[in-house]
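What follows is a single structure, written as structure tokens, with notes after it.
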Amino acid sequence: MALQSRHLLGLEGVSAEDITLILDTARSFREVLDRPIKKVPPLQGKTIVNLFFESSTRTRISFELAERRLSADVVNFAASGSSVSKGETLKDTARNIEAMRIDMVVIRHASSGAPHFLSRVVKANVINAGDGQHEHPTQALLDMMTLREKYGALKGLRVCIVGDILHSRVARSNIYGLKTMGAEVSVCGPATLIPRHMEELGVRVYHRLEDIIPRVDVLNVLRIQLERQKSGLFPSLREYHRYFGVTKERVEKAPQPITIMHPGPINRDVELSADLADGEHSVILEQVTNGVAIRMAILYLLGTAQSSERS
């Protein structure tokens, strides 16, 4: 089987069949990660460029691990110290790199839509590793994989995304993916951090944690973007934690068990208490491990489909 698109630019409009294929393939690669020898040969001879125009630790390392474990040749590109700092455009950067005969590009960029633009100017497969405030599809897929492993299915699962929805590409991809797979999705946060017309995406909006916690199975807690705190979107971090901090005390008052997720990095004791992040409710480390498996699955599905087209 193959994906319906030769790129992964986002989860908006991606079918349930494609998401299921990615999750099933990732499950197979998750088993590979538990072997003593974790390297397999499907992408041997392929060259993949990681184009990261924004700083990243987890996503960049996760992609690089996935690429190397599939036996691909990997080139890492950072905007600092490159021709970009001298004024070179994204289009020229991409075309120059492609002239070196690369097969796939993984891109993270501060501008929403950069991966879509790139997919129109290069022949290589393009994978979105996060673009502006738009989407972060591989993060949502690893979140869905983690939940499917725990609950067996996504259909009917009640998930609430908590925090800075306004600036979050993770929230958007999760909403698109989870809704497609039949989950019930809600969001919770200060009114200043939730976009207008959010309900048009088919989600419910809450402004009090106490109202949503008794109604959900999962809380996916987003990082408060401290770099935006000076915008005056909420009074202080202390005030935010008081009203929207997900704490063990709040979670343990719920009549049902609740799973805690976080895309990282965590601002401990701001959006999520340290004891809860490290406790029995948390699947945060499982998310990290599943991230490598998901990225292996996407690289494999796109890379092997590309080989079939050329043969």
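Brief remarks follow.
Residue-by-condition table, conditions (1) within 20 Å of Gln4 (Cβ to Cβ); (2) surrounded by 16 or more Cβ atoms within 10 Å (Cβ to Cβ); (3) outside the structural domain of Val292 (by TED's automatic domain parsing):
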{"site": "Met104", "(1), (2), (3)": "yes, yes, no"}
{"site": "Ile107", "(1), (2), (3)": "no, yes, no"}
{"site": "Ser111", "(1), (2), (3)": "no, no, no"}
{"site": "Ile127", "(1), (2), (3)": "yes, yes, no"}
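This table checks each residue for (1) in contact with a strand residue (DSSP E or B) (Cβ under 7 Å, 6 or more places away or on another chain); (2) exposed (fewer than 14 other Cβ atoms within 10 Å of the Cβ); (3) closer than 24 Å to Gly113 by Cα; (4) assigned by TED's automatic domain parsing to the domain that holds Val106.
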| position | (1), (2), (3), (4) |
| --- | --- |
| Met1 | no, yes, no, no |
| Arg6 | yes, no, yes, no |
| Thr47 | yes, no, yes, yes |
| Asn50 | yes, no, yes, yes |
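- Subset tally (residues that are part of a helix (DSSP H, G or I) and either in contact with a strand residue (DSSP E or B) (Cβ under 8 Å, 6 or more places away or on another chain) or surrounded by 20 or more Cβ atoms within 10 Å (Cβ to Cβ) (or both)) for segment 15-43: 5
- The single condition among (1) out of contact with any helix residue (DSSP H, G or I) (no Cβ under 7 Å at 6 or more places or on another chain); (2) surrounded by fewer than 18 Cβ atoms within 10 Å (Cβ to Cβ); (3) not charged (D, E, K, R) that Val121 does not satisfy is (1).
- Some residue of segment 44-54 being more than 23 Å from Gly264 (Cβ to Cβ), touching a residue at least 40 places away in the same chain (Cβ under 8 Å), of a type in the set (A, V, I, L, M, F, W, C) and part of a helix (DSSP H, G or I): no
- Test: Phe244 is over 30 Å from Gly152 (Cα atoms) and not assigned by TED's automatic domain parsing to the domain that holds Ser112: no
- Considering residues of segment 256-265 that are part of a loop (DSSP other than H, G, I, E, B) and modelled with pLDDT of 95 or more only, the residue farthest from Leu226 (Cα to Cα): Gln256
- Residue satisfying condition, being touching a Ser or Thr at 6+ places or on another chain (Cβ under 9 Å) and farther than 23 Å from Glu286 by Cβ, within set Glu199, Glu239, Glu210, Glu249: Glu249
- Test result for Ser173, among the polar types (S, T, N, Q), in contact with a strand residue (DSSP E or B) (Cβ under 6 Å, 6 or more places away or on another chain) and in a helix (DSSP H, G or I): yes
- Residue in segment 149-161 that is modelled with pLDDT under 95 and part of a helix (DSSP H, G or I) present: no
- Tally of residues being more than 19 Å from Val288 (Cβ to Cβ) and under 16 Å from the mean Cα position of the chain (by Cα) across segment 147-158: 0
The values are calculated or read from the model by the stated rules, or taken from the named source; none is laboratory data. Here the structure is a predicted model, which is why all the values come from computation and not from measurement. Glycine also receives a Cβ, built like all others from the backbone with ideal geometry; neighbour counts cover every protein chain displayed.
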